[in-house]
Amino acid sequence: MIEDDLDAIEKDMLEDLKKPKGRRILVCPVCGSTEVTYYMGLKTGYQYQCNSCNYVGAVVLEMEY
Ligand SMILES: [Zn+2]
């Protein structure tokens, strides 16, 4: 079921946000800020939003630390 899969993905992403041991940090590709949060697109699926420059897009840098 496609819808079930999407629900599972959504749960995984939300769980990732809560996990402290994820050790990944999202970095805005425009301004380099780490104030990047998930942004829920309607038909475009998951995107990211930068709180510093208001960039919204599917492309975001991911750094491990
Ligand atoms: Zn930014």
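The values are calculated or read from the model by the stated rules, or taken from the named source; none is laboratory data. This is a predicted model, so every value here is computed, not measured. A quick note on method: Cβ atoms are made from the backbone with ideal geometry, for glycine too, and the neighbour counts reach across all protein chains shown.
Summary of computed values
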| quantity | calculated |
| --- | --- |
| Filtered residues of the stretch 1-10 (kept if modelled with pLDDT of 80 or more and either hydrophobic (A, V, I, L, M, F, W, C) or part of a loop (DSSP other than H, G, I, E, B) (or both)) | Ala8 |
| Qualifying positions in the stretch 38-55 - surrounded by 12 or more Cβ atoms within 10 Å (Cβ to Cβ) and within 14 Å of the ligand (Cβ to nearest atom) | Tyr39, Gln47, Tyr48, Gln49, Cys50, Asn51, Ser52, Cys53, Tyr55 |
| Enumeration of residues in the stretch 11-41 that are at pLDDT below 80, among the small types (Gly, Ala, Ser) and in contact with a strand residue (DSSP E or B) (Cβ under 8 Å, 6 or more places away or on another chain) | Gly41 |
| Any pair with Cβ under 7 angstrom, 6 or more apart, that starts in the stretch 45-65 at a residue that is in contact (Cβ under 8 Å) with a residue 40 or more places away in the chain and ends at one that is in a strand (DSSP E or B) | Glu64/Arg24; Tyr65/Ile25 |
| Strands (runs of 3 or more DSSP E) fully within the stretch 25-65 counting 2 or more residues that are aliphatic (A, V, I, L, M) and farther than 23 Å from Ala8 by Cβ | 61-64 |
